[in-house]
Each structure stands twice: as C-alpha cells, then as structure tokens.
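The values are calculated or read from the model by the stated rules, or taken from the named source; none is laboratory data. Predicted, not measured: the structure shown is a model, and the values here were computed from it. In this analysis, Cβ positions are derived from the backbone assuming ideal geometry, glycine residues included, and neighbour counts consider all displayed protein chains. Accessible surface areas use protein heavy atoms only, side chains included; no ligands, DNA or RNA. Shrake-Rupley method; radii C 1.70, N 1.55, O 1.52, S 1.80 Å.
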Amino acid sequence: MDEFHKIKRLPPYVFEQVNRLKAAARAGGADIIDLGMGNPDLPTPAFIIEKLIETVQKPRTNRYSASKGIPGLRRAQAAYYERRFGVKLDPERHVVATLGSKEGFANMAQAITAPGDVVLVPNPSYPIHAFGFLMAGGAIRHVPAEPGPEFFQALERAVHHSIPKPIAVILCYPSNPTAHVADLEFYRDVVAFARRNDIFVLSDLAYAEIYFDDNPPPSVLQVPGAMDVTVEFTSLSKTFSMPGWRMGFAVGNERLIAALARVKSYLDYGAFTPIQVAAAAALNEETSPADEAREIYKSRRDCLVESFSRAGWDIPAPAASMFVWAPLPERFRGVSSLEFSKLLIEKADIAVAPGIGFGEHGDGHVRIALVENEQRIRQAARNLRRFLATADETLHNVVPLKANA
C-alpha cells in the first residue's frame, strides 16, 4: 500500500535509530548516560506545583479551558515581556498560549502556508522549524544557522531566486542545536530586510533564560518596527523545568496571532486550566527560578567541556542554551554523525543526538544535552577516555579513522 502523501514528505526520523539502539543496550543491562534528548531533569519549582495542586481542587477547573489561554496567563506573559525585554504587548491582541512552542510553530505553519509557499529555515535547525511547513504543504529553502554576513547573503539570494518569493524566515537564538546567539544589531538587520521584502519573521526564543556570562539574549521584538512582521515563540519547558507540562506562547504581530488563534480554536481547548494558572504564577514570580537553573547548567557545561577535553575530545563552550554543539573528535572526521552516535552507545555507554538529525549541514557534529548531573558527566568522560584510547584496536576494521598527526 502506498504511503500517505504527507508522511512521504517526512524523512526517516534519525533520532529513532539512536533511540532503538539505546533501548536495546539498556535492555541488555548497559548503564547508558543519556545526553541525547533536551529533556530537562531539574525539578519543577515547588511553588508552581503547589499552585497546580491548589487549583486542581477547585470546582469547575476540570472543564474545557480557553484555546488562546486564560486571560490571567496572557497578562502574565505580557508582563514578563515588558519586565525582561521592555516590550509592551496587549494580552488580547498580541499573545496566544500554546501547548509548548513546538505546537505553536506547527500550527502557525498551518495558519499561514499555502501549497508551495517558500520558507527560509536555518540548517542545522530544530526539526519542527522545517517540517512544520513541509507538513503544511510549503517548500523549504535553507540559510546558514550562524548569524553573520553569510546569513544575509543567503536571504538576498533567496528573495531574488525563489519562485514564489519566500513568505517567512525562521530564527532560533540561542540556537537549538548549535547554541549560536544573536545580538540586537543582527535582529535590526533581519527586521529591516523583512519589512523591505514583505516577509514575516518567526523567532524561536525557547532558551531566552538559559544563558551564561551575564549576557541575556535579546528578543527580536525589541527592534522598533518588529511588531509589524514578527511573531516570537517562547516556552516554560526550560525556563521553569516544566517540559511535560507543555506550556508555551506565541507573541507579536496581531494579524499572525489572530491567524494562529483561529486555527487553534478548531484544534484544541487549550492546556488544562490548573496548568495555565500555575504557569501564570511562574511568570509572575519576582525572583525567577531560572536563576538557579542557569547556574546549574553553567556548572554542567564547564564540567563537560573540561572533563571531555581531558578525555581527548576538545569541545567549544556554548554561550547559552542547554546544549553543547560538538564537532566530532579529529580521529572520527571521516565518520557520519549518526555512525559516531551509535559507536558512543555501543562502546562508551553514552547517548548523544547526531547532528544529521538537524539537517545535512549538521553532519560532522553531535548535540550534547546538559541533562545529567556532574557526577554522571564525569562518568561519561571516563567512558569516553577508554573508548578513544582503544579505538585504533577495536574499530580499525569497522570505521575509517584518520591517522594520528
């Protein structure tokens, strides 16, 4: 039987191959140190859980909720944007609550994409940035992930050579997977380009609060005129260690927000009301729990970079996000990122995400998530050291290793 049309547009899910190997290794008794999925392991702050428990016991909170988010939650998100970025939002016109930023991106794609519409997406990039539009019938044209001159050169080529002209450009800074960061000057240039060429900007700011070295990432909405063309997506998953709660937001341009709200009104009744109330409490807290989480991720980053370097794998330290974007060790530069990820599971009991899963320009790298404590990270480094030390003997007939310099 033929595959369904939309399913055929999706490539095999690369991460599933790693997940199967990881599950098989665990079934065989292996102690896999899982640094693959960006699934925060830190506990949700107690006051958020207490607010959920308090609310769930109240009458009528079990009923259908509001698809675009209860008013108190949208007001809390608007207050957060004014407090954090100095951006004023009307909770009625500029804010929609989403079931995580991933759902928001996917449904925005459904709302604005006509068959064949072209969208500019970084490569490598978080998969939903491209495949949300592919599933909606759009076409993807890739641009560099790093916010530099080549990014704008690619935008100019795309506008001049794409038929039809692109309808939107996707941004994600701090980046998943590369951990690149962008400054306001970059955003000013993007907004100017978008307004000049009549295209939308869709910004994924899920890692706004996971930054290091006292350099908080800006919002593109801080740029004057950005509201004319931009919607930005945020999430409570990483900021408040609430990944399974599925709570996020889309904010910005009134026309785009209205389109997203209309699509969502046909698809869902919003998150469970007690979750929305607890999320509002999180956003309204004067002392952000993200401060503590940020310090933990920074300590893990430093531990991983230092211990992996001593084990023989030099990795650049990211300036933000909960990910390390690691070029393959020199000896393994002739191996695909998927094959290297499989070797790490089989030979070192370490799981990472192969870069190829984020686009063909991600090959040659793996993404390492900071989702294990420092003791486990050091154990991973010891496993890695043994693997690298014996690679010549154990892998010479398996994969092409580069000769030592």
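Of note:
- Long-range HN-HN contacts of Val87 with modeled amide H, under 5 Å: Glu82
- Extension gain for Arg26-His160 works out to 43.1 nm (0.36 nm per residue, less the C-alpha to C-alpha distance).
- Exposed trypsin sites (Lys or Arg not before Pro) absent: longest stretch of the chain, with sites in DSSP loops and at most 16 other Cβ within 10 Å deemed exposed: 94-332
- For the pair Arg60 and Asp392, a Förster radius of 60 Å applied to the C-beta separation gives a FRET efficiency near 0.35, rounded to the nearest 0.05.
- Point-to-point label distance, Arg255-Ala319, nm (Cα→Cβ direction, 7 Å offset): 3.3 nm
- Where labels lie 7 Å past Cα in the beta-carbon direction, separation of Lys88 and Leu267 in nm: 3.2 nm
- Degrees separating the helix 184-197 axis from the principal Cα axis of the chain, which is the longest one: 60 degrees
- Surface analysis of the stretch 204-298 yields an accessible area of 38 Å² per residue, using protein heavy atoms and a 1.4 Å probe.
- C-alpha long axis of helix 254-267 to longest principal axis of the chain, angle in °: 80 degrees
- Vicinal HN-Hα couplings computed from phi for the stretch 85-95 (Karplus, 6.51 cos²θ - 1.76 cosθ + 1.60; Hz; Gly/Pro x): 10, x, 9, 8, 10, 8, x, 7, 9, 10, 9
- Glu50-Glu16 FRET efficiency (beta carbon distance; Förster radius 45 Å; 0.05 resolution): 0.75
- Helical mean residue ellipticity (222 nm; -39500 (n - 2.57) per DSSP H run of 4+; nearest 500) of the chain: -14000 deg cm²/dmol
- Annotation: lysines with alpha-carbon distance below 27 angstrom to Lys347 (same-chain offsets under eight excluded): Lys22, Lys402.
- Degrees, to the nearest 10: 46-56 long Cα axis against longest axis of the chain: 50 degrees
- Couplings for the stretch 211-219, taken from phi via the Karplus curve 6.51 cos²θ - 1.76 cosθ + 1.60 with θ = phi - 60°, read 9, 10, 6, 6, 10, x, x, x, 9 Hz in order; Gly and Pro are left as x.
- Of the chymotrypsin sites (Phe, Trp or Tyr not before Pro) found in the stretch 37-121, the ones in coil according to DSSP and having at most 15 other Cβ atoms within 10 Å of their Cβ are Tyr64.
- Linear extension gain, Ser336 paired with Glu146, 0.36 nm per residue minus alpha-carbon span: 66.3 nm
- Residues whose placed amide H lies under 5 Å from that of Tyr126, excluding near-sequence neighbours: Asn176
- Charge tally around Phe131: other residues with Cβ under 11 Å, Lys/Arg +1 each, Asp/Glu -1 each, net +3.
- The stretch 1-98: relative contact order in percent, alpha carbon pairs under 8 Å with at least 6 residues between: 17 percent
- Links that overshoot a 24 Å alpha carbon limit, given the list Lys102/Lys238; Lys68/Lys102; Lys68/Lys165; Lys58/Lys102: Lys68/Lys165; Lys58/Lys102
- The structure-derived value of Rg and Dmax of the Cα atoms in Å appears in the list (1) 21.7, 70; (2) 22.2, 78; (3) 19.7, 63 under the label (1).
- Amide H within-cut-off set for Asp204, under 5 Å, with H built and near neighbours excluded: Leu171, Cys172, Tyr173, Phe233
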